[in-house]
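**Q** Pasting in a structure now, in structure tokens, and then I'll have a few things to ask.
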Amino acid sequence: MAYRIGEVSKLLGLPVETIRYYEKEQIIAPKRQENSDYRTYETWDIFFLMECMRYRSFDISLKDISKMLHNDSLDFFVERIGFKQQVIDEKLRYYQMLGRKISDYKDKLASLPYNVGCY
């Protein structure tokens with residue numbers, strides 16, 4: 001079954017402009033109807049859009065998503081997901097350390113009135 005862009009937009013809750021942008025970025029490749037300029041979206045296009053939405057929620061770039069969706073290599077897919085996990089783990093460690101530093105500084109500021117004149 002073929003769908004028009006408005007139908008796909010409503011189905012997935014994606015703005016029409018986003019769908020067109022994903023087409024430009026080669027996430028999807030809708031077909032043009034022979035007798036008009038309308039694009040038609042097949043089931044695979046909708047599947048690719050749903051997968052794109054999932055990977056964007058992982059903060060993966062559209063360039064990598066396009067490669068992941070249209071590349072036969074499972075190794076590339078695993079590599080990109082692993083890399084994203086590594087980046088997230090590093091950010092978590094950084095923010096945990098930053099949280100401890102801020103907490104320590106807050107405690108020092110809170111105790112400042114008790115230490116005035118003690119030095």
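The values are calculated or read from the model by the stated rules, or taken from the named source; none is laboratory data. Since the model is a prediction, treat every value here as computed from it, not as a measurement. We place every Cβ from the backbone using ideal geometry, glycine too, and count neighbours over all the protein chains shown. Please note that ligands, DNA and RNA were not included when accessible areas were found on the heavy atoms of the full protein model with its side chains. Shrake-Rupley method; radii C 1.70, N 1.55, O 1.52, S 1.80 Å.
**Q** Between residue 34 and residue 87, what is the label-to-label distance in nm when each label sits 7 Å out along the Cα-to-Cβ direction?
**A** The answer from the label model is 4.4 nm.
**Q** Give a quick list of GluC sites (Glu not before Pro) in region 7-102 that DSSP marks as loop, anything other than H, G, I, E or B, with at most 13 other Cβ atoms within 10 Å.
**A** Details: sites: 7, 17, 23, 25, 34, 42, 51, 79, 90; in loops: 25, 34, 42.
Answer in residue order: 34.
**Q** From the C-alpha gyration tensor of the chain, pull out the three semi-axes of the equivalent ellipsoid (sqrt of 5λ each), sorted largest to smallest, in whole Å. Numbers along the way, then the final one.
**A** Numbers: eigenvalues 492, 67, 16 Å².
Working through the eigenvalues yields semi-axes of 50, 18, 9 Å.
**Q** Using a Förster distance of 30 angstrom, determine the FRET efficiency expected from the C-beta separation of residue 76 and residue 2, and round it to 0.05.
**A** On the way: r = 30 Å, r/R0 = 1.00.
It comes to 0.50.
**Q** When the helix-only estimate is applied to the chain (DSSP H runs of n ≥ 4, each -39,500 (n - 2.57), divided by the residue count), what is the mean residue ellipticity at 222 nm, nearest 500 deg cm²/dmol? Please report the intermediate quantities before stating the final value.
**A** On the way: 5 runs with 83 residues, N = 119.
Per the formula, -23500 deg cm²/dmol.
**Q** Counting only heavy atoms of protein chains, what accessible area per residue, in Å², does the chain have with a probe of 1.4 Å? All intermediate terms of the calculation are to be shown ahead of the outcome.
**A** On the way: 9130 Å² over 119 residues.
On a per-residue basis, the chain sits at 77 Å².
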